[in-house]
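Each remark here refers to the structure printed beneath this line.
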Ligand SMILES: *Cc1c(COP(=O)(O)O)cnc(C)c1O
């Protein structure tokens, strides 16, 4: 049994050290606890220990756990199929994984029918690995333009990325720095529905490096809840 509370204390300490190490404050970094494969009971322990935001990468898991988890902000962080947007539109506070205009249009449509504006992040892939979802810098610019032009019920809050895995996280710092540059660049666009606040990058093995490169939202799973076992 993992000690979720103790793990959280340690991670909050590491976030503080990393943030202060580059002249920022721990309050500047939002911790999203990634609870995929975890039970509502485990998630509630994390919430009791101070977690305010949780992340899931599958629509089904959000739906299965939603009623049993205490009030908290839900983040959709995984690849999202257009035909599943309707199931989570009224449950999540932000969708991190928008990587196509088609998906944005569907989110916009569903948000409109619920009378809400959905906060989204664009998932970028500056390493341009074929195996990962996400869009290139040129595509990002076009997608931002298309969304601002046509999707009235979407507010663009920033960028998200998943770094390629590296044994030594220092090796991917340049990758994070590249995404931070894009974040600063696109964040300067002036529009009422573009309000950059979140740069979502960093997971269990690389969140301190991501913070040093400018991340202000880290998505941490196994370092909080323990290693995942997909067989149970
Ligand atoms: C699983 C997952 C995480 C968390 O990964 P850990 O290595 O367990 O911290 C972060 N982001 C996304 C998109 C994920 O799917």
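The values are calculated or read from the model by the stated rules, or taken from the named source; none is laboratory data. Predicted model only: the values in this text are computed from it and were never measured. Neighbour counts are summed over all protein chains in view; Cβ atoms, including those assigned to glycine, are modelled from backbone coordinates with ideal geometry.
Restricting attention to region 200-228, the residues being farther than 19 Å from residue 123 by Cα, in a loop (DSSP other than H, G, I, E, B) and more than 9 Å from the ligand (Cβ to nearest atom) number 1. Please indicate, with yes or no, whether at least one residue in region 55-75 is surrounded by fewer than 21 Cβ atoms within 10 Å (Cβ to Cβ), over 20 Å from residue 226 (Cβ atoms) and at pLDDT below 95. There is no residue in region 55-75 that is surrounded by fewer than 21 Cβ atoms within 10 Å (Cβ to Cβ), over 20 Å from residue 226 (Cβ atoms) and at pLDDT below 95.
Would you check if there is a residue in region 118-138 being away from the ligand (no atom under 16 Å from the Cβ), surrounded by 15 or more Cβ atoms within 10 Å (Cβ to Cβ), assigned to a helix (DSSP H, G or I) and without any contact (Cβ under 8 Å) to a residue 60 or more places away in the chain? Within region 118-138 (the criterion being away from the ligand (no atom under 16 Å from the Cβ), surrounded by 15 or more Cβ atoms within 10 Å (Cβ to Cβ), assigned to a helix (DSSP H, G or I) and without any contact (Cβ under 8 Å) to a residue 60 or more places away in the chain), the answer is yes, since at least one residue qualifies. Of the residues screened, residue 156 is not one that is crowded, with 16+ Cβ neighbours inside 10 Å and at pLDDT below 95.
The residue that is farthest from the ligand (Cβ to nearest atom), counting only those in region 148-168 that are assigned to a loop (DSSP other than H, G, I, E, B) and more than 15 Å from the chain's Cα centre (by Cα), is 152.
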